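Accompanying notes for the structure given below.
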Amino acid sequence: MTSLPETTAKKLGLVVDLDICVGCHACAVNCKEWNASAKSAPLTDYDPYGKKPDGVWFNRIHTYETLDEAGHGQTVHFPRSCLHCEDAPCVTVCPTGASYKREEDGIVLVNEDICIGCKLCSWACPYGAREYDENEGVMKKCTLCVDKIYNKNLPEESRVPACVSTCPAGARSFGDLGDPESEVSKLVAARGGYDLMPEQETKPVNKYLPPRPRQDGRTADKAPRMLASADESTEGAGVIARWVDKILS
Amino acid sequence: MHPAKSVILFTTASGAGYGMMIWLAVLAALGMLPQETVFGILVFGLAFALIVGGLLSSTFHLGRPERAWRAMSQWRSSWLSREGLAAIIGFVPLGLFALVAIFGIADMALGAVVGVIGAAMALLTLYFTSMIYASLRTIPAWHNGWTVAGYLVLGPMNGAVFLAFLFALFGFADAAAAMRSIALAMLLAGLAVKLLYWQNIRTSAPVSTAGTATGLGHLGKVEMTGSPHDSDNYLLREMGFRIARKHAEKLRRIATLLGFVVPIICVALGLVFAEGPLNLLVTLLSVIACQIGITAERWLFFAEAKHAVTLYYGEQAV
């Protein structure tokens, strides 16, 4: 049934720290690797080695630049994937019951055996979380690595989504966002974690942590000034450097 | 949004077919529906062909058309499911209505009753179709009452234009005159609804922005400097369609002129002229112009609609 559950026992989801993410795309690559060989396989690629490679991915990393009125800019790397919304519009629009939200943990999944590939769920999702597989004729989406996080064959520490376990910067955390005492919930509270497009009224489970404020204009100006003076002055340099400078000048 | 040909054909064709059925039932209830076998076969045949052809064409854009029957199961939550179910159930009263009207298998009074039930199902189906679009918060151009009004008015409008021609062609002067009056009223209503729909797109404040999509709005203007992929992807093909957007004004003029203005003039002339070849010609012209205009209107309905996901790919507001 594509009606949403009243409540879910857990709200499993991700917390993405935009202050830490370096935009290396490792999460997207490991997501592709895991899901192309596990439950969601095949995760189709079209023309993978050609001039215009294209295909289904559950994780897409954008880079944005912000510019305020004072002319201060900031670069932010931004991973985008399914937010496993509490009021998931992709679930309620599904005409077949293929799209569903699990009562036990809140994960939003597609039953590919009954999906008719009408693509309406991708129209209903504001976040671009659902992609159509042209070869299979069905919709695919992030499963929160449901075949990994409960997998008893894996060591305990590996039972997290592939994007989380691979992130070299530690920008992604996984846990129960429905439990206020969980590590992820504490992180969200401490750092002011927020929802993407709250006005779409989807109540996303995943949260994003904002980039910390950059240093002010004065500090930013300092870098070139230091570089210019480094050529000339030995002030603050070590004993050997000063000695070499004295001999050579 | 990508304007899939199958969906454009479906909504225009089945809209016209349901529109025809609605007016046939109205005429039957008023005791004005001519009962003649050949005419009946043709007019009901065309209405059913438009409805069934439209429904079949809508399954062409499915990835798994063989599973289409499953789409009837989720009527509790899904407008698409409700539409499919209403369409299928509606065939029962509409089929009985056709049998009575064509072959006289029962009294016409009974025919009118099942006809009106069928017409109600047809209107309900059109309403469910409109709600598939109007329920999507992600596409603000669609997420309003004008979308519903558009589907509820344009289908019956097109059906009335078709029927006016068919009645005139078969020499049913009274029914033709009645349908011309109805068509004229519906064309004026259709023009008003579409002008207000376009006005609404032009004047409504954006719902979501690149700032709310990324949550970075407080840092200033947000611009994408690095795309996740170098080539195209599904999201951009389906939701980021913008080819027709630059021709929007031109298409809007075509839709307004051919979809409404020309048919209004033709149908009005038809009311003035005596029945005859000239009258038949202008009535035929109204049908042809209306089809081209409504196709342009429907194309624009999709191509002009901005989807929230494009905010992640450089669009500033939707």
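No value in this document is a laboratory result; all are computed from the given coordinates. Given the structure is predicted, the values throughout are model-derived calculations rather than measurements. Here Cβ is always computed from backbone atoms with ideal geometry, including for glycine, and neighbour counts include all displayed protein chains.
Think of chain A as having a plus end and a minus end, set by charges on the Cβ of Lys, Arg, Asp and Glu; of A:249, A:213, A:154, A:249 sits farthest toward the positive end of this dipole. Enter the Cα centre distance for the pair the stretch B:75-138 and the stretch B:147-192, rounded to the nearest angstrom. That distance is 19 Å. Figure legend: label point modelled 7 angstrom from the Cα of residue B:229 along Cα→Cβ; residues of the stretch A:107-139 with amide N under 11 Å from it are A:131-134. Residues B:203, B:209, ranked from the fewest to the most other C-beta atoms within 10 Å, line up as B:203, B:209.
Determine the equivalent ellipsoid of the protein assembly as shown by diagonalising the alpha-carbon gyration tensor, then write out the semi-axes as square roots of 5 times the eigenvalues, largest first, rounded to whole Å.
58, 28, 18
Computed 3J(HN,Hα) for the stretch B:302-318, one whole-Hz value per residue from the Karplus formula 6.51 cos²θ - 1.76 cosθ + 1.60 where θ = phi - 60°, is 7, 4, 8, 7, 8, 9, 4, 5, 5, 4, 7, 10, x, 5, 8, 7, 10, glycine and proline marked x.
In order along the stretch B:55-68, the Karplus-derived 3J(HN,Hα) couplings, from 6.51 cos²θ - 1.76 cosθ + 1.60 at θ = phi - 60°, round to 4, 5, 5, 5, 7, 5, 8, 6, x, 10, x, 5, 9, 4 Hz, and Gly and Pro are given as x. Adding -39500 (n - 2.57) for every DSSP H run of four residues or longer, then dividing by how many residues chain A holds, sets the calculated 222 nm ellipticity at -6500 deg cm²/dmol. Legend: calculated FRET efficiency, residue B:292 to residue B:173, from the Cβ-Cβ distance at R0 = 35 Å, rounded to 0.05, equals 0.80.
Which of the three applies to the stretch A:5-104, rounded, prolate or oblate, going by the alpha-carbon gyration tensor with a ≥ b ≥ c and a/c under 1.5 meaning rounded? Cα axes put the stretch A:5-104 in the oblate bin. For chain B, the mean residue ellipticity at 222 nm estimated from helices alone is -23000 deg cm²/dmol, where every DSSP H run of n ≥ 4 contributes -39500 (n - 2.57) and the total is divided by all residues, rounded to the nearest 500.
In sequence order, the stretch A:118-130 has phi-based couplings of 7, 6, 4, 5, 6, 6, 7, 8, x, 9, x, 7, 10 Hz under the Karplus curve 6.51 cos²θ - 1.76 cosθ + 1.60, θ = phi - 60°, and Gly or Pro positions carry x. Evaluate the Kirkwood expression for the hydrodynamic radius of chain B, namely the inverse of the mean inverse distance over all pairs of different C-alpha atoms, and round to one decimal in Å. Value: 20.9 Å, from the Cα pair sum.
Dipole orientation for the stretch B:173-318: of the candidates B:276, B:203, B:288, B:203 has the Cα lying most toward the positive pole (charges on Cβ; Lys, Arg +1; Asp, Glu -1).
Here's how it looks for residue B:63: its modeled amide H is under 5 Å from those of A:117, A:118, which are all 5 or more places away or on a different chain. Helix B:145-169 and the longest principal axis of the C-alpha atoms of chain B enclose an angle of approximately 30°.
Amide H contacts under 5 Å for residue A:55: A:46, B:234, restricted to partners 5 or more places along the chain or on a different chain, H placed in the peptide plane at 1.01 Å from N. Shape class for the stretch B:1-135: prolate, because the ratio a/c of the largest to smallest gyration tensor axis (alpha-carbon atoms, square roots of eigenvalues) is 1.5 or more and a/b beats b/c. Between rounded, prolate and oblate, where does the stretch B:199-313 land on the alpha carbon gyration tensor, with a ≥ b ≥ c its root eigenvalues, rounded for a/c under 1.5, else prolate if a/b exceeds b/c? Since a/c reaches 1.5 and a/b is larger than b/c, the shape of the stretch B:199-313 is classed as prolate.
Amide H contacts under 5 Å for residue A:82: A:142, restricted to partners 5 or more places along the chain or on a different chain, H placed in the peptide plane at 1.01 Å from N.
Projecting the Cα atoms of B:99, B:169, B:312 onto the dipole axis of chain B, where Lys and Arg carry +1 and Asp and Glu carry -1 at the beta carbon, places B:312 farthest toward the positive end. In the structure shown, do any of A:119/A:186; A:119/A:203; A:51/A:101; A:11/A:39; A:10/A:39; A:148/A:186 have a Cα-Cα gap over 26 Å, and if so which? The pairs that break the limit, which is 26 Å between Cα atoms, are A:119/A:186; A:51/A:101. Between residue A:214 and residue B:181, the simple label model (points 7 Å from Cα in the Cβ direction) yields a spacing of 7.1 nm.
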